[in-house]
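Taking it in order: structure first as structure tokens, then the write-up.
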Amino acid sequence: LVCDATGAMSVVRVRAAVVGCLAMYGTPGEKALIGEEVVQALLNHTGEGRGQAARALGALNRPDLRAYLWQLTADPSPAVIRQVIEGIGQARDPEFVPWLVGLLSDKRYRGEARRALTVFGPPLLKTLNARLTDETAGLSLRRHIPRVVSEIPVQQSVEILLAHLEHGDPLLKHPLIKALN
């Protein structure tokens, strides 16, 4: 049983746990039971239900439920946003890459965003390289991109970092050197 602060069982927490378990470990038939009405029921509550919905949506990786994951990217709770980031990392949906890259400039979510971005692997390097060169992106964002590039362990990552070290913005030299190290 799951109880809240008053000792009463929380139906929302139980439902959220069941949905999360089904999304992660269920058979395809069991996962199909998680429809829009189930997700919407979790989203109608605050806290754990919304966070669990974010993780479940990521694990399910279903295009028909993607709008709900987008809805959660604007959640006011930092805990929910962290779970949204984790869910996006599980889903590896490239539609969310620009949003994740933008989070690199926010210290509250930087670590989670970096981990989620690295799971996209080498196909992400072209996008990261473009953002690293984009002076309109702002230095606060661009200085965190080299670390993401360095955590994608392929030769292309080294080549991108070296190219920016030789010809890039002098203000990025320190993060580039750290990434190469």
Open item on the list: So, in region 1-42, how many residues would count as being at pLDDT below 85, under 24 Å from Arg92 (Cα atoms) and touching a Lys or Arg at 6+ places or on another chain (Cβ under 7 Å)?
Closed with: 2
TODO: Could you list, in sequence order, all residues of region 10-29 that are closer than 13 Å to Asn61 by Cα and surrounded by fewer than 17 Cβ atoms within 10 Å (Cβ to Cβ)?
DONE: Met24, Pro28
- [ ] Output the residues belonging to region 155-173 that are small (Gly, Ala, Ser) and open to solvent by less than 30 Å² (accessible area, probe 1.4 Å).
- [x] Ser157, Gly168
Task: Tabulated pairs, region 105-116, first under 11 Å from His144 (Cβ atoms), second of a type in the set (S, T, N, Q), C-beta under 7 angstrom, 6+ apart or interchain - done: Ser105/Ser140
Open item on the list: I need a count of the residues in region 87-141 that are open to solvent by 40 Å² or more (accessible area, probe 1.4 Å) and either of a type outside the set (D, E, K, R) or assigned to a helix (DSSP H, G or I) (or both).
Closed with: 22
TODO: Kindly provide the set of residues from region 70-86 that are more than 13 Å from Gly49 (Cα to Cα) and either open to solvent by 30 Å² or more (accessible area, probe 1.4 Å) or not in a loop (DSSP other than H, G, I, E, B) (or both), ordered by number.
DONE: Trp70, Gln71, Ala74, Pro76, Pro78, Arg82, Ile85, Glu86
Open item on the list: Checking Leu141 against (1) modelled with pLDDT under 95; (2) over 27 Å from Trp70 (Cβ atoms): exactly one of these is not met. Which one?
Closed with: (2)
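The values are calculated or read from the model by the stated rules, or taken from the named source; none is laboratory data. All values derive from a computational prediction rather than experimental measurement. Heads up, the Cβs are rebuilt from the backbone with ideal geometry, glycines too, and the neighbour counts pull from every protein chain shown. Ligands, DNA and RNA are excluded from the accessible area calculation, which covers all protein heavy atoms including side chains. Shrake-Rupley method; radii C 1.70, N 1.55, O 1.52, S 1.80 Å.
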